[in-house]
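**Q** To start, I am sharing the structure in question, which I have written as structure tokens.
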Amino acid sequence: MSNTKFSESCYLCNSDSNYIKTDNEKKRHYLCSNENCGEYEISLSAMEHLIHNNDFKSQLLPLAKRCKGTDGLLKISVKGTAIEAKVRPRAEV
């Protein structure tokens, strides 16, 4: 995992955020500055699936917020043809 931080708009809410690349650069771990968003890891394939689905992105905000500063991490990925969002303990990440 690279420790290089990148600054970019949050993928879920477009606020200021930082991310690091994970899983051989196949995923991004975001830490959003918006108090209504939070921390999550999203695969590049999930980003492609969600690119125009703002309603689904907004549904993920409370889950990301819940993970900020905790031992949990929201992981967003693609399973088959569906988006999967799960809060997992960081030890499993």
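The values are calculated or read from the model by the stated rules, or taken from the named source; none is laboratory data. Just so it is clear, the structure is predicted and the values come from calculations on it, not from any experiment. Counting neighbours? That spans all protein chains shown, and the Cβs are built from the backbone with ideal geometry, glycine included.
**Q** Got a number for residues in region 15-24 being modelled with pLDDT of 95 or more and not in a strand (DSSP E or B)?
**A** 1
**Q** Out of the residues in region 1-14 meeting the condition of being in contact (Cβ under 8 Å) with a residue 12 or more places away in the chain and under 13 Å from the mean Cα position of the chain (by Cα), tell me which one is surrounded by the most Cβ atoms within 10 Å (Cβ to Cβ).
**A** Residues of region 1-14 that are in contact (Cβ under 8 Å) with a residue 12 or more places away in the chain, as a first pass: 1-6, 10-13.
Adding the requirement that they be under 13 Å from the mean Cα position of the chain (by Cα) leaves 10-13.
Working: CYS10: 22, TYR11: 22, LEU12: 27, CYS13: 22.
Filtering region 1-14 for residues that are in contact (Cβ under 8 Å) with a residue 12 or more places away in the chain and under 13 Å from the mean Cα position of the chain (by Cα), the one surrounded by the most Cβ atoms within 10 Å (Cβ to Cβ) comes out as LEU12.
**Q** Which count do you get for residues in region 60-93 that are of a type outside the set (Val, Ile, Thr), over 15 Å from ALA46 (Cβ atoms) and not in a helix (DSSP H, G or I)?
**A** Here the count works out to 5.
**Q** Same structure again: Which residue is farthest from LEU60 (Cα to Cα), if the candidates are limited to region 22-37 and must be buried (at least 16 other Cβ atoms within 10 Å of the Cβ) and touching a strand residue (DSSP E or B) at 6+ places or on another chain (Cβ under 6 Å)? Before you say what the answer is, go through the steps one by one.
**A** Applying the first criterion (buried (at least 16 other Cβ atoms within 10 Å of the Cβ)) to region 22-37 yields 22, 27-32, 34, 37.
Now restrict to residues that are touching a strand residue (DSSP E or B) at 6+ places or on another chain (Cβ under 6 Å): 22, 27-32.
Working: THR22: 20, LYS27: 17, ARG28: 15, HIS29: 15, TYR30: 13, LEU31: 14, CYS32: 13 Å.
Within region 22-37, the match that is farthest from LEU60 (Cα to Cα) is THR22.
**Q** Filter region 25-59 down to residues that are part of a loop (DSSP other than H, G, I, E, B), under 19 Å from LYS86 (Cβ atoms) and of a type in the set (A, V, I, L, M, F, W, C), then give me how many there are.
**A** Our first condition is that a residue be part of a loop (DSSP other than H, G, I, E, B); within region 25-59, this holds for 25-26, 33-38, 51-53.
In the following step, the residues that additionally are under 19 Å from LYS86 (Cβ atoms) were identified as 26, 37-38, 53.
Filter once more, so that each one left must be of a type in the set (A, V, I, L, M, F, W, C): 37.
So the answer is 1.
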